[in-house]
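Since the structure comes first, as structure tokens, the remarks are kept for the end.
The values are calculated or read from the model by the stated rules, or taken from the named source; none is laboratory data. What you are looking at is a predicted structure, and each value in this text was computed from that prediction instead of being measured. Glycine gets a Cβ as well: all are built from the backbone with ideal geometry, and neighbour counts include every protein chain shown. Just so you know, the surface numbers come from the protein's heavy atoms only, side chains and all, with ligands and any DNA or RNA stripped out. Shrake-Rupley method; radii C 1.70, N 1.55, O 1.52, S 1.80 Å.
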Amino acid sequence: MRAAAQLTGCSHHTVAKHVAARDAGRPLAEPVARDKITDEYLPKIEELVERTRGRIRADVTHQKLVGMGYAGSERSTRRAMAQVKAEWKLGRVRVHRPWVTEPGGWLQYDFGDGPYIDGVKTVLFVAWLAWSRFRIVIALRDRTAPSVFAALDRSFRIAGGAPTYVL
């Protein structure tokens, strides 16, 4: 046992324990489940988290549990709260579904700050087609409707057609 322990870098007692477990037919790395001092109060912790929609702090929960006869430390309460809140949030996670467009069906445009031309600040009209790396940048004097419509018209002519939707 000592020679095997020296090779593996652990205690010979650990090697003896694993050999005995192997001979008995049990898994070698079976975790030991131990009771926690917070186990008795988990239903109350879950109720407080649910009632406050996950916003209750661990120190407030600890004070409420002490009033119920809890004898554990605040650190134990914090660990239990972290576990309960993680499970609570997991059930309420917002699922992100990416927006998938049809090729060429959408043209999106936005504005950016442009350079000064003849002493006047310009606005950049930036348009791009969905499913494409095709970009169009046009300098405008302002963001008024006639300027934007003229830029959209020019974009459609450059792209060779009009998409189904403009965003």
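Return a yes/no flag: does segment 41-50 have any residue that is loosely packed, with under 14 Cβ neighbours inside 10 Å and touching a Lys or Arg at 6+ places or on another chain (Cβ under 9 Å). The answer is yes, given that some residue of segment 41-50 is loosely packed, with under 14 Cβ neighbours inside 10 Å and touching a Lys or Arg at 6+ places or on another chain (Cβ under 9 Å). Please determine whether any residue of segment 1-16 is outside any loop (DSSP other than H, G, I, E, B), in contact with an Asp or Glu (Cβ under 9 Å, 6 or more places away or on another chain) and surrounded by 14 or more Cβ atoms within 10 Å (Cβ to Cβ). The answer is no, given that none of the residues of segment 1-16 is outside any loop (DSSP other than H, G, I, E, B), in contact with an Asp or Glu (Cβ under 9 Å, 6 or more places away or on another chain) and surrounded by 14 or more Cβ atoms within 10 Å (Cβ to Cβ). Looking across 89, 85, one residue alone is open to solvent by 60 Å² or more (accessible area, probe 1.4 Å) and at pLDDT 85 or above. It is 89.
On inspection, residue 146 passes the criterion of being part of a helix (DSSP H, G or I) and without any contact (Cβ under 8 Å) to a residue 12 or more places away in the chain. Check segment 50-57 and report whether any residue there is of a type in the set (A, V, I, L, M), out of contact with any strand residue (DSSP E or B) (no Cβ under 7 Å at 6 or more places or on another chain) and closer than 30 Å to residue 159 by Cβ. There is no residue in segment 50-57 that is of a type in the set (A, V, I, L, M), out of contact with any strand residue (DSSP E or B) (no Cβ under 7 Å at 6 or more places or on another chain) and closer than 30 Å to residue 159 by Cβ. Going through (1) in contact with a Phe, Trp or Tyr (Cβ under 6 Å, 6 or more places away or on another chain); (2) under 19 Å from residue 102 (Cα atoms); (3) assigned to a strand (DSSP E or B); (4) not basic (Lys, Arg) one by one, residue 138 falls short only on (2).
Only one residue in 35, 59, 23 is open to solvent by 100 Å² or more (accessible area, probe 1.4 Å) and outside any loop (DSSP other than H, G, I, E, B). Which one? After applying the criteria, what remains is 23.
In segment 97-116, the residues that are free of Cβ contacts under 8 Å to residues at least 12 places away in the same chain and in a strand (DSSP E or B) reach residues that are surrounded by 10 or more Cβ atoms within 10 Å (Cβ to Cβ) and polar (S, T, N, Q) with C-beta atoms within less than 8 angstrom, at least six apart or across chains, in these pairs: 116/122.
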